[in-house]
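Q: Pasting a structure here, questions to come.
The values are calculated or read from the model by the stated rules, or taken from the named source; none is laboratory data. Keep in mind that this is a model prediction, so the values were computed, not measured. Heads up, the Cβs are rebuilt from the backbone with ideal geometry, glycines too, and the neighbour counts pull from every protein chain shown. Ligands, DNA and RNA are excluded from the accessible area calculation, which covers all protein heavy atoms including side chains. Shrake-Rupley method; radii C 1.70, N 1.55, O 1.52, S 1.80 Å.
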Amino acid sequence: MSITKRLWLGLGALLAASFAVMLWLGVDLVHTAPPIPQRVVAANGQTLYTKADIERGRQVWQSIGGQQLGSIWGHGALVAPDWSADWLHRETEAMLELQARADTGQSYASMDDGEKAKVQASVKPLMRTNTFDPAKDEIVVSNQRALAISMVAAHYESVFSNDPATHALREAYAMREDTVPDADHRRAMTAFFFWTAWAAGTDRPGESSRTYTNNWPYEPLIGNKPTSDNFIWSMFSLLFLIGGIGLLAWHYAAYHGKETLPTPPAQDPLRGLTITPSMKATAKYFWVVVALFLFQILMGATTAHFQVEGQEAYGFKIAEILPYSLTRSWHTQLAVLWIATAWLATGLYIGPAISGHEPKYQRAGVNFLFVCLLVIVVGSFAGQWFAVMQKMGLKYNFWFGHQGWEYTDIGRFWQAFLFVGLLVWLTLVGRALWPALKRKDEMSSIVGLLFLSTVAIGLFYGAGLMWGENSHISVVEYWRWWVVHLWVEGFFEVFAVAVMSFLFVKLGLLRGKSATTNVLFATIVYLTGGVLGMFHHLYFAGTTTAAVALGATFSALEVVPLALIGLEAYETWNHSRATPWMARYKWPIMFFLATSFWNLVGAGLFGFLVNTPIALYYMQGMNLTALHGHTALFGVYGMLGIGLMLFCLRGLKPQVQWPEGLLRGAFWSLNIGLGLMGLLTLLPMGVLQLNAALEHGYWFARSAEFMNRPIIDMLVWMRMPGDLVFSTGAVLLGVFVLRKWLKPKLETN
């Protein structure tokens with residue numbers, strides 16, 4: 001059996017086993033997720049909330065932006081509190097005050113440490129004991145706790161209104177006035193916040209020291225602290241990382257580079273490539289890529305500015321037109337949209353280039369898909385504006401407004417429309433690749449992997465359709481990360497590796513056989529950790545210990561291939577210097593080099609910083625996770641998207657000169673700007689938040705009291721140098737793309 005066939009069998013077995021485990025844990029999550037009771041009642045028989053209140057409250061929360069305004073269970077925006085942690089702390093403080101006055105007649109704040117400890121010991125079991133009755137399907141709380149709940153609810157009803165008493169908090173949280181105008185909706189939203197806090201502070205049935213969210217958030221007042229599993233599996237995560245790096249280094253030393261590279265051809269093999277009508281039609285996709293990229297930067301700068309002025313931008317009351325939750329929604333979605341558009345356009349361009357075949361009506365299909373893309377972007381963004389401004393109502397919000405789930409925010413209609421568009425894209429790319437798939441040559445496996453990754457990209461976005469409007473939040477989080485982790489980070493990565501390998505083979509810099517072996521091996525190594533590593537996002541989303549164990553183990557293995565990324569970058573650099581004509585591809589390859597660098601730093605170093613259970617327990621939803629998010633999403637996938645775009649543009653306009661200064665300026669500005677963002681703001685702010693969480697509890701690190709400190713304001717302003725440099729790079733890239741069509745200069749040779 002050939003090594004290629006063995007690798008294919010290994011990849012198939014890996015995927016079958018991985019997804020079997022994924023689905024098994026999904027079923028387990030459905031059965032063990034925190035229950036949503038039919039009623040929450042006080043001991044005196046008073047009904048505090050009903051299941052309908054909790055579900056209606058979640059709808060209200062989603063309509064105002066959901067995870068784009070504060071967070072729930074640590075997932076969401078960094079400005080405004082984590083509502084679960086904030087409610088849990090406020091309710092605990094109210095209970096301590098009520099208990100202190102009931103026991104001694106004095107306030108809790110006036111007590112000495114010994115007296116406070118006694119009160120805490122009395123309150124802790126009242127908060128942690130699970131009083132859910134499955135037979136009656138209700139949660140019973142003491143009359144004292146019912147009073148505490150009403151006190152906290154009154155606070156939130158004030159915050160989400162236009163009450164002058166809480167105006168300062170709304171400014172600190174970057175919330176517009178009257179965020180939720182309807183009083184009944186505000187009350188229902190408090191039911192949802194209470195339930196998320198109850199699940200975070202209540203022991204699982206049969207457990208005495210583990211809540212439904214594995215004791216997240218850190219709340220010392222009720223004994224919410226890391227579980228023993230957090231420590232154990234964090235230790236094993238480190239061991240798996242070290243062992244995996246050792247094995248990969250051994251394999252690299254033993255097998256890699258044994259085959260001599262081919263002699264590069266005297267002329268550029270791609271220069272004579274026939275550009276088909278459908279390939280030419282992809283040019284407009286790249287114009288949209290640049291436009292969406294520039295718009296994303298604008299929304300990112302606006303979102304960051306909300307951290308210092310709250311509701312205004314240099315005196316202009318922007319929150320009344322573009323609230324924070326909306327600008328952040330657009331900023332995060334645009335990142336995925338422009339990167340995905342660049343990669344999808346590459347697929348449409350590369351299909352006919354690989355096969356040499358232009359299917360009938362291919363150009364019409366490419367143009368139709370382009371129109372669909374524009375309709376989806378405009379329609380979904382307009383729907384979100386109407387939703388966040390509370391002009392749509394709850395009846396249509398799920399379908400056409402704002403779903404409230406970070407990175408999967410668009411309404412269900414637009415999600416389904418995008419899924420259909422991806423199926424059209426899959427059809428267009430697949431039929432263009434089909435003649436190449438039928439050929440049996442040294443490129444067959446690379447083309448096959450490219451086709452399979454195309455199929456996966458088209459189909460796996462469908463995971464975003466697996467939840468409904470009233471699905472349990474734990475179930476939504478499970479499927480949401482199928483999209484965010486597996487779709488964006490998984491199969492697009494395989495697609496990109498296959499495309500780059502094909503390009504290097506076509507350029508005569510790699511042999512097809514060795515490239516095939518390397519691509520298949522790299523795919524196996526990456527997906528070994530990449531698929532089940534998804535569970536590191538679900539440590540505290542209502543899952544059991546099994547998810548913590550698998551997430552810790554396999555997310556560590558995700559980092560393993562990145563340990564040798566420098567060697568891959570060195571090889572790429574050697575390819576770029578193999579022959580004089582490779583200078584034509586200098587800047588696409590430079591962006592591939594940047595991808596390798598940020599893969600190591602953003603995805604590897606900063607990723608592992610927050611990946612272990614014990615680390616993420618304290619860092620989830622803080623600026624250290626944002627540090628990883630920015631440097632990995634743009635640094636890896638954004639840089640790769642730009643590199644692929646430039647490769648396609650080189651083919652679309654082969655005789656046009658490339659302004660060296662524009663691309664050099666764009667490349668270094670984007671990389672330096674991204675580095676400054678991380679080092680001057682996200683990293684130091686994240687470290688300060690981590691210290692605050694360790695000292696006082698998670699709630700404090702996300703509170704207005706902490707986030708309004710002068711040093712935090714200063715660090716936010718310190719983003720400006722990096723943002724300006726980064727924005728300059730994006731503008732230079734846009735000017736370069738425009739000049740290729742509006743003011744081209746032909747090469748002289």
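Q: For helix 565-576, report the angle its Cα long axis makes with the longest principal axis of the Cα atoms of the chain; keep it between 0 and 90° and round to the nearest 10°.
A: 30
Q: Which percent, to the nearest 5, of DSSP beta bridges fully inside the chain are antiparallel? Can you show the working numbers first?
A: On the way: 12 of 17 bridges.
Given both bridge residues lie in the chain, the antiparallel proportion sits at roughly 70 percent.
Q: Right, something else. Helix 412-438 against the longest principal axis of the chain: what's the angle in degrees, Cα atoms only, rounded to the nearest 10?
A: Taking the Cα atoms of the chain, the angle to 412-438 is about 30 degrees.
Q: Let me ask something else. Where the centre of each part is set by its Cα atoms, how far does the range 636-650 sit from the range 348-388, in angstrom?
A: A separation of 18 Å, based on Cα centres.
Q: Check TYR212: other-chain or 5+ apart residues with amide H under 5 Å from its amide H, H built from backbone geometry?
A: HN-HN under 5 Å from TYR212: THR202, ARG204.
Q: Here's another thing I want to ask about it. Output ³J(HN,Hα) for the range 295-309: one whole-Hz value per residue in order, computed from phi by the Karplus curve 6.51 cos²θ - 1.76 cosθ + 1.60 with θ = phi - 60°, and x for Gly and Pro.
A: The phi angles translate into 5, 4, 4, 4, 5, x, 5, 5, 4, 5, 5, 4, 5, 9, 10 Hz.
Q: Could I ask something else about it? Whole number in Å², please: accessible area per residue of the range 653-714, 1.4 Å probe, ligands, DNA and RNA not counted.
A: Details: 2570 Å² over 62 residues.
Accessible area per residue, the range 653-714: 41 Å².
Q: Turning to a different aspect of this structure: Quick check: pseudo-label points 7 Å beyond the Cα along Cα→Cβ at ALA135 and ASN574, how many nm apart are they?
A: 7.3
Q: For ALA552, what is the net charge nearby, where nearby means another residue's Cβ is under 13 Å from its Cβ and Lys, Arg count +1, Asp, Glu -1?
A: Result for the neighbourhood of ALA552: -2.
Q: Calculate the dipole size of the chain relative to its Cα centre from +1 charges on Lys and Arg beta carbons and -1 charges on Asp and Glu beta carbons; express the result in debye to the nearest 20.
A: Here the chain has a charge dipole of around 3140 debye.
Q: Using a cut-off of 12 Å between beta-carbons, work out the net charge of the residues near ASP203 (Lys and Arg +1, Asp and Glu -1, ASP203 not included). Walk me through the numbers on the way to the answer.
A: On the way: positive: LYS124, ARG128, ARG204, ARG210; negative: GLU207.
Around ASP203, the charge tally is +3.
Q: Also, I was wondering about something else. Kindly identify the range 332-392 as rounded, prolate or oblate by the Cα gyration tensor criterion: order the square roots of the eigenvalues as a ≥ b ≥ c, call it rounded if a/c is under 1.5, otherwise compare a/b with b/c, prolate if a/b is larger, else oblate.
A: Details: a/c = 7.49, a/b = 2.40, b/c = 3.12.
Oblate, because a/c is 1.5 or more while a/b does not exceed b/c.
Q: Follow-up question, since we're still on this one. Roughly how far apart, in whole Å, are the Cα centres of the range 279-317 and the range 507-541?
A: Between the Cα centre of the range 279-317 and that of the range 507-541, the gap is 32 Å.
Q: Just grab the label-to-label distance for LEU738 and PHE231, each label 7 Å out from Cα along the Cβ direction, in nm (one decimal).
A: 6.0
Q: Of ALA692, PHE736, ALA704, which is farthest towards the positive pole of the chain's charge dipole, taken about the Cα centre with +1 and -1 on the beta-carbons of Lys, Arg and Asp, Glu respectively?
A: PHE736
Q: When Rg is the radius of gyration of the Cα atoms in the range 463-535 and Rh is its Kirkwood radius, what does Rg/Rh come to? Walk me through the numbers on the way to the answer.
A: On the way: Rg = 16.6 Å, Rh = 14.0 Å.
Reported Rg/Rh (Cα atoms, Kirkwood Rh): 1.18.
Q: Between the range 93-172 and the range 677-749, what's the alpha-carbon centroid distance in Å?
A: 38
Q: What is the gain in length, in nm to one decimal, between ARG511 and ALA416 on full extension, counting 0.36 nm per residue of separation less the C-alpha to C-alpha distance? Each step should come with its number before you reach the end.
A: Details: separation 95, 0.36 × 95 = 34.20 nm, distance 4.11 nm.
Result: 30.1 nm gained on full extension.
Q: Could you tell me the extents of the range 664-744's C-alpha atoms along the three principal axes, largest first, rounded to whole Å?
A: For the range 664-744, the Cα extents along the three principal axes come out at 60, 17, 17 Å.
Q: Then there's this: Shape of the range 377-488 from its Cα gyration tensor (a ≥ b ≥ c, root eigenvalues): rounded if a/c is under 1.5, otherwise prolate when a/b > b/c, or oblate?
A: Prolate, since a/c reaches 1.5 and a/b exceeds b/c.
Q: While we're on this one: Structure shown: which of LYS284/LYS740; LYS280/LYS438; LYS653/LYS745; LYS653/LYS740 lie over 19 Å apart, alpha-carbon to alpha-carbon? Present the calculation step by step, with values, prior to reporting the outcome.
A: Values: LYS284/LYS740 12 Å; LYS280/LYS438 25 Å; LYS653/LYS745 10 Å; LYS653/LYS740 7 Å.
Where the Cα-Cα span goes over 19 Å, the pairs concerned are LYS280/LYS438.
Q: Continuing with the same structure: With the Cα gyration tensor of the range 37-136 giving a ≥ b ≥ c as the square roots of its eigenvalues, does the rule (a/c under 1.5 for rounded; else a/b larger than b/c for prolate; else oblate) give rounded, prolate or oblate?
A: Oblate, since a/c reaches 1.5 and b/c is not below a/b.
Q: Just the number, please: carbon plus sulfur as a percent of the accessible area of the chain, 1.4 Å probe, no ligands or DNA/RNA counted. Don't skip to the answer; put the middle values down first.
A: Details: 18210 of 27820 Å².
Ligands and nucleic acids excluded, carbon and sulfur give 65 percent.
Q: Just flag the trypsin sites (Lys or Arg not before Pro) in the range 646-749 sitting in loop per DSSP whose Cβ has no more than 15 other Cβ atoms within 10 Å.
A: LYS745
Q: On to the next question. Starting from the Cα of LYS124, draw a straight line to each of the lysines and keep only those under 24 Å, dropping any in the same chain fewer than 8 residues away.
A: LYS116, LYS225
Q: Which trypsin sites (Lys or Arg not before Pro) does the range 425-477 hold that lie in a coil by DSSP with at most 16 other beta carbons within 10 Å?
A: Here the sparse-neighbourhood loop sites are ARG439, LYS440.
Q: Let me ask you something else. Please list the non-local residues whose amide H lies under 5 Å from the amide H of ALA313, H modeled 1.01 Å from N, same-chain partners needing a gap of 5 or more.
A: ILE318
Q: Run through every distinct alpha carbon pair of the range 522-565 and return the Kirkwood hydrodynamic radius in angstroms, one decimal place.
A: After inverting the mean inverse Cα-Cα distance, the result is 10.4 Å.
Q: Let me ask something else. For a bin width of 20 Å, list the pair-distance distribution of the chain built from all Cα-Cα distances, rounded to whole %.
A: Whole-percent P(r) values from 0 Å outward: 17, 50, 28, 6, 0.
Q: For ASP82, list long-range residues whose amide hydrogen, built 1.01 Å from N in the peptide plane, is under 5 Å from its own amide hydrogen.
A: Distant-sequence amide H within range of ASP82: SER71.
Q: Taking only DSSP H segments of four or more residues, each worth -39500 (n - 2.57), what value at 222 nm results for the chain once the sum is divided by all its residues, to the nearest 500 deg cm²/dmol?
A: Details: 31 runs with 485 residues, N = 749.
Computed ellipticity for the chain at 222 nm equals -21500 deg cm²/dmol.
Q: Using a cut-off of 13 Å between beta-carbons, work out the net charge of the residues near TYR108 (Lys and Arg +1, Asp and Glu -1, TYR108 not included).
A: So the environment of TYR108 carries a net charge of -3.
Q: Short version: ³J(HN,Hα) in whole Hz for each residue of the range 87-92, in order, from phi by Karplus 6.51 cos²θ - 1.76 cosθ + 1.60 (θ = phi - 60°), x for Gly and Pro, what are they?
A: After applying 6.51 cos²θ - 1.76 cosθ + 1.60, I find 4, 4, 5, 5, 5, 4 Hz.
Q: Using Cα positions and a limit of under 23 Å, work out the lysines in reach of LYS317, with same-chain residues fewer than 8 apart set aside.
A: Here the lysines satisfying the reach criterion relative to LYS317 are LYS391.
Q: Please give the helix 228-255 orientation as an angle from the longest Cα principal axis of the chain, in degrees from 0 to 90, rounded to the nearest 10.
A: 10
Q: Which FRET efficiency, nearest 0.05, do MET151 and LYS116 yield, Cβ-Cβ r, R0 22 Å?
A: Numbers: r = 19 Å, r/R0 = 0.88.
With a Förster radius of 22 Å, E is 0.70.
Q: Ordered by residue, what ³J(HN,Hα) values in Hz, to whole numbers, does the range 655-664 give under the Karplus form 6.51 cos²θ - 1.76 cosθ + 1.60, where θ = phi - 60° and Gly and Pro are x?
A: 9, 8, 5, 9, x, 4, x, 5, 6, 4
Q: Less than 13 Å apart at the alpha-carbon level, and either on another chain or at least 8 residues along: which aspartates and glutamates does that give for LYS118?
A: List returned: GLU97, ASP103.
Q: Work out the FRET efficiency for LEU15 and LEU423 from their Cβ-Cβ distance, taking R0 = 30 Å, and round it to the nearest 0.05.
A: My answer for the efficiency is 0.90.
Q: So what's the range 184-275 giving for Rg/Rh, alpha carbon basis, Kirkwood Rh from the mean inverse pair distance?
A: That ratio is 1.43, to two decimals.
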